[in-house]
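K.L.:
Handing you a structure now.
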Amino acid sequence: LGELGNYYHHSLLVSLRKEAPGKYIIPKGGLFDYVTVPHYFCELVAWLGVAAVSLHPLAITTFLTFCGYLAGRAKSTTAWYNKKFSDYP
């Protein structure tokens, strides 16, 4: 489920590149209407699934590491959007 969401949101980003080459546009659709980087959320759902199914300490550690890493990236991306677009939520 997480990887399907990841694929879907990446395909939305690719369509923006085709729509306006070389320009930055605020992504719309899917979970982009609610969060800045829904593909990060979907990535975490995928890793949570791996950790839950395997219950292996390495998989759990990987999930927790990705949580910290992607949370920092999401915060930075949101700050960049706020700086770049005056009308960003």
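K.L.:
Show the residue pairs that are 6+ apart or on different chains and have beta-carbon atoms under 8 Å apart, the first residue being within region 1-13 and polar (S, T, N, Q), the second being surrounded by 12 or more Cβ atoms within 10 Å (Cβ to Cβ) and outside any loop (DSSP other than H, G, I, E, B).
P.N.:
Between residues of region 1-13 that are polar (S, T, N, Q) and residues that are surrounded by 12 or more Cβ atoms within 10 Å (Cβ to Cβ) and outside any loop (DSSP other than H, G, I, E, B), the close pairs are 6/39; 6/42; 6/43; 6/46.
K.L.:
Here is a further query. If a residue has to be free of Cβ contacts under 8 Å to residues at least 12 places away in the same chain, open to solvent by less than 70 Å² (accessible area, probe 1.4 Å) and under 23 Å from residue 76 (Cβ atoms) to count, how many in region 14-34 make the cut?
P.N.:
Counting residues in region 14-34 that are free of Cβ contacts under 8 Å to residues at least 12 places away in the same chain, open to solvent by less than 70 Å² (accessible area, probe 1.4 Å) and under 23 Å from residue 76 (Cβ atoms) gives 3.
K.L.:
Are any residues in region 11-27 part of a loop (DSSP other than H, G, I, E, B) and under 13 Å from the mean Cα position of the chain (by Cα), and if so, which ones?
P.N.:
27
K.L.:
Are there any pairs, at least 6 apart or on different chains, whose C-beta atoms fall under 7 Å, with the first in region 52-69 and closer than 23 Å to residue 37 by Cβ and the second open to solvent by 60 Å² or more (accessible area, probe 1.4 Å) and part of a helix (DSSP H, G or I), and if so, which?
P.N.:
Taking only residues 6 or more apart or on different chains, the pairs are 59/50; 62/47; 63/47; 63/48; 66/47.
K.L.:
I'd like the full set of residues that are under 16 Å from residue 2 (Cα atoms) and among the charged types (D, E, K, R), limited to region 21-71.
P.N.:
Residue satisfying the conditions is 43 alone.
Let's see how each residue does on (1) of a type in the set (A, V, I, L, M); (2) surrounded by 13 or more Cβ atoms within 10 Å (Cβ to Cβ); (3) assigned to a helix (DSSP H, G or I):
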residue: 6; (1), (2), (3): no, yes, yes
residue: 9; (1), (2), (3): no, yes, yes
residue: 44; (1), (2), (3): yes, yes, yes
residue: 48; (1), (2), (3): yes, yes, yes
residue: 51; (1), (2), (3): yes, yes, yes
residue: 63; (1), (2), (3): no, yes, yes
residue: 67; (1), (2), (3): no, yes, yes
residue: 76; (1), (2), (3): no, no, yes
residue: 79; (1), (2), (3): yes, no, yes
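K.L.:
Would you pick out the residues in region 28-40 that are under 18 Å from residue 80 (Cα atoms) and either assigned to a helix (DSSP H, G or I) or hydrophobic (A, V, I, L, M, F, W, C) (or both)?
P.N.:
Result: 32, 33, 35, 37, 38, 39, 40.
The values are calculated or read from the model by the stated rules, or taken from the named source; none is laboratory data. Keep in mind it's a predicted model, so treat the numbers as computed, not measured. No Cβ is skipped: glycine too gets one built from the backbone with ideal geometry, and neighbour counts run over all protein chains shown. Note: areas computed on protein heavy atoms with side chains; ligands, DNA, RNA excluded. Shrake-Rupley method; radii C 1.70, N 1.55, O 1.52, S 1.80 Å.
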